[in-house]
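See structure below.
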Amino acid sequence: MKNNKPVKLEDLISEIELQIDDTFTFINTNTGEVITLMREEMRAAEDEEPLEKFPDWQRENIEKAIIITEDEDGVYLDFTLRNNFNEYQIIEEFIISHQDQKNREVLYDTIQGRGAFRRFKDKIVELGVDSQWYTYKDSKIKQLVIEWCKEHNLEIQD
């Protein structure tokens, strides 16, 4: 596959951070465009449903989905990485890497059981380590995206 245009790193990072269920993300390697489509739009393209059944605002995406599903030249790469991004694991790694033993213990206790994400986010603010967390998380997401792009021979534009 020949990649004509690099993709913006920021666009790919944004897609991972959003993590919207029932969406699929593709990269047009000819243009560098990042395309996010709903499951319903992909299903409509695969089932060859008439566009008239859908509202105007959705037709453009279904047309893109049709092009993607019929892509035989490998122009579109599937960038649906929600299975590769595990925020809970990154939280655990952040806690382990944290310098303050007492904070590590408090944060680890915070992420046990239901509501772990909300409690964690509240606790990092309370402990004053929220900026450290977001820097750490951003770094991990960026690393994931860069590694994925290397594996797929996709050039990145910063």
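Under the simplified labelling scheme, the Asp71-Tyr88 pair shows an inter-label distance of 3.1 nm, with each label point 7 Å from Cα along Cα→Cβ. The distance from the alpha carbon centre of the range 138-158 to that of the range 69-91 is 12 Å, rounded to a whole number.
Can you figure out the FRET efficiency of Ala116 with Thr31, using R₀ = 30 Å and their beta-carbon distance, to the nearest 0.05? Calculated transfer efficiency: 0.15. Build a GNM of the chain with springs between Cα atoms under 10 Å apart, and of Phe79, Phe24, Phe54 the one that fluctuates most is Phe54.
Helix 56-69 axis versus longest C-alpha principal axis of the chain: approximately 90°, rounded to the nearest ten. When the alpha-carbon atoms of the chain are used, the pair Rg, Dmax equals 19.4, 61 angstrom. Using 0.36 nm per residue and subtracting the Cα-Cα separation, the extra length available between Glu52 and Asp158 on full extension is 34.2 nm. The C-alpha atoms of the chain define a longest principal axis, and helix 130-151 lies at about 40 degrees to it. Using the average count of surrounding beta-carbon atoms within 10 Å as a protection proxy, the listed peptides 94-102, 133-141 rank, highest first, as 133-141, 94-102. Number of Lys-Lys pairs in the chain with C-alpha atoms under 15 Å apart and a separation of 8 or more places or on different chains: 7.
Gln101 to Ser131: FRET efficiency via 1/(1 + (r/R0)^6), r the Cβ-Cβ distance, R0 22 Å, to the nearest 0.05? E(calc), rounded to 0.05, equals 0.65.
Bear in mind that the values in this text are calculations on the coordinates, not laboratory data. These numbers were taken from a predicted model, which means no experiment stands behind them. Neighbour counts are summed over all protein chains in view; Cβ atoms, including those assigned to glycine, are modelled from backbone coordinates with ideal geometry.
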